[in-house]
Amino acid sequence: MKKFHALALAMTVLLLSGCRGNTKDVPLELIISSQAESSDTEIIDNNDDEPNSGYGFSKEEKEPEYVGFFKETAVHTIDFQMPASDWDYFINHPLAKTYRTVDVVIDGEMYENAGIRTRGNTSLLAYIDYTKMRPPFEIKFDKYIDGRLFLGLDELSLLNVVDDRAFLRDYIGYEAFRAIDGFAPYVTFFNITVNGKLHGLYVGVESVDSSFLDRVFNSHKHNLYKSETQTTLLPTMRKSAVSQQKGSDESRADLNYLIKTLDTMKLGEKENIEDILDVDSVLKYLAVNAVLHNWDSYAGYYAHNFYMYINDGKFYFIPWDMNEVCLQWQRQYEPSDGSREDIASPITGDISVSQRPLVNKLLAVDEYYNKYLDYCSILNEWLKGIDESGWLNDMHDMLDEYVKNDPTKFYDYSSFNNQFNNAYYYGISYFIHDRTAYLTKRLNELRRE
């Protein structure tokens, strides 16, 4: 184990501030690594000869090529080349979610005969409400040709950014997991054209499919479950609250065993929960959503936006849909003061902790609760790095012209600019600055002996 101190943090901030103006020189992963090294909280120092955190590729193995593509801080280009009638079908029948054939040109490289369809739930419905021609999309590169991949990636989600005036919330949300050595989809940006005509700026996310599972777990054959809504993991949970995405065993015996184990688990005792659940992945999930105030997660009213994959007999939590992080407003229970939302419990909204057994049972164990706070502490230092380094301004400058010229964006250009004004209460810059001030004080009060 290693412990790093505040001096390293101060040096990091100075170095990063000096790099301002060249976004590619200050990628968020640099802030992530420097914040992990500067936290006073103990973190695991991975042995170079062992797999990272027990997941995915070992140091001797090569990561998929697309990882490097996503890690580059840039706006990439996509051109959808398809019959106009197929494009019109998406615009006029968005809820059908029917695949059409498309040739996808990414940064000038052609990927022929991929599959494309509309995707999403509330983001898709919002597109209809706004009467904008901006549905979210899913590209499946191997839909029609087995083995056809984009740099090793089988599926890409393209988000229409309906709730994010900064175009950055999903990016920050997923990167936060890497700040605590967790696993999450990679994210980048795409300026989309359709048959050469400008469509708009989208956020691209590595889908939780075979490529992701192989990257993280070195397998994709086991049971993968996706939360739909009210995936409470209580015995009363409806079967339709969870959809099975992968795996040949459809009995749900593994999922039922997890639910039963949680239900019978005594408050304050581990019992045998670690036999069926990778608790650490859940604690990281809860910590990220608490620190970034993501009300739209398992611990929120709708109890959704996550996957569960069973590997080596244990369920691992995988985050999904992070577009509601760092918000000062909430459509479901206004008024909100998100940057001052307490992290003593990650529960948000009008629900009790007993309705979310992963919170109620796990955080009742002192060891787990203190580890949850450890992750919150590391994330707080990471957010300080974002706040103090000028990274947000650099990202604004990179995205600025694309947002300005976007013909289908949901909000006007001034709304985008306001997000980066640290005096604007509803902006992402204000949230991050105020959140770290609040958490620095609050974290010192919560530690259990």
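Nothing in this text is a laboratory measurement; each read-out follows from the coordinates by a stated rule. If you're wondering where the values come from, they're calculated on a predicted model, not measured in any experiment. Every residue, glycine as well, gets a Cβ built from its backbone with ideal geometry; the counts of neighbours run over all protein chains shown.
Details
- Once both labels are positioned 7 Å from their Cα atoms along Cα-to-Cβ, the gap between S415 and T236 label points is 3.7 nm.
- Extension gain from E274 to M110, taking 0.36 nm per residue of separation minus the Cα-Cα distance: 54.4 nm
- As a rough footprinting exposure proxy, the listed residues R100, R238 were ranked by other beta carbons within 10 Å of their own, and the order from fewest upward is R238, R100.
- Segment 140-156 - phi-based ³J(HN,Hα) in whole Hz, Karplus 6.51/-1.76/1.60, Gly and Pro as x: 10, 5, 9, 4, 10, 10, 4, x, 6, 10, 9, 6, x, 9, 8, 9, 10
- Exposure proxy ranking, count of Cβ atoms within 10 Å, fewest first, for Y413, Y66, Y174: Y413, Y66, Y174
- About its Cα centre, the dipole of segment 65-211 is roughly 500 debye, where the only charges are +1 on Lys and Arg Cβ and -1 on Asp and Glu Cβ.
- Farthest toward positive dipole pole in segment 280-394 [+1 Lys/Arg, -1 Asp/Glu at C-beta], among Y372, P357, S339: P357
- Order of C376, C326 - criterion: other Cβ atoms within 10 Å of each residue's Cβ, fewest first: C376, C326
- Remark on G200: its backbone amide H falls under 5 Å from those of I192, a criterion applied only to residues 5 or more positions apart or on other chains, H modelled at 1.01 Å from N.
- Virtual spin-label span in nm between Y257 and D88, 7 Å along Cα→Cβ: 5.4
- Out-of-range pairs (alpha-carbon distance over 20 Å; input K143/K239; K221/K314; K140/K409): K143/K239; K140/K409
- Taking a point 7 Å from the Cα of K266 along the Cα-to-Cβ direction, the residues of segment 342-370 with backbone N closer than 20 Å to it are 354, 357-369.
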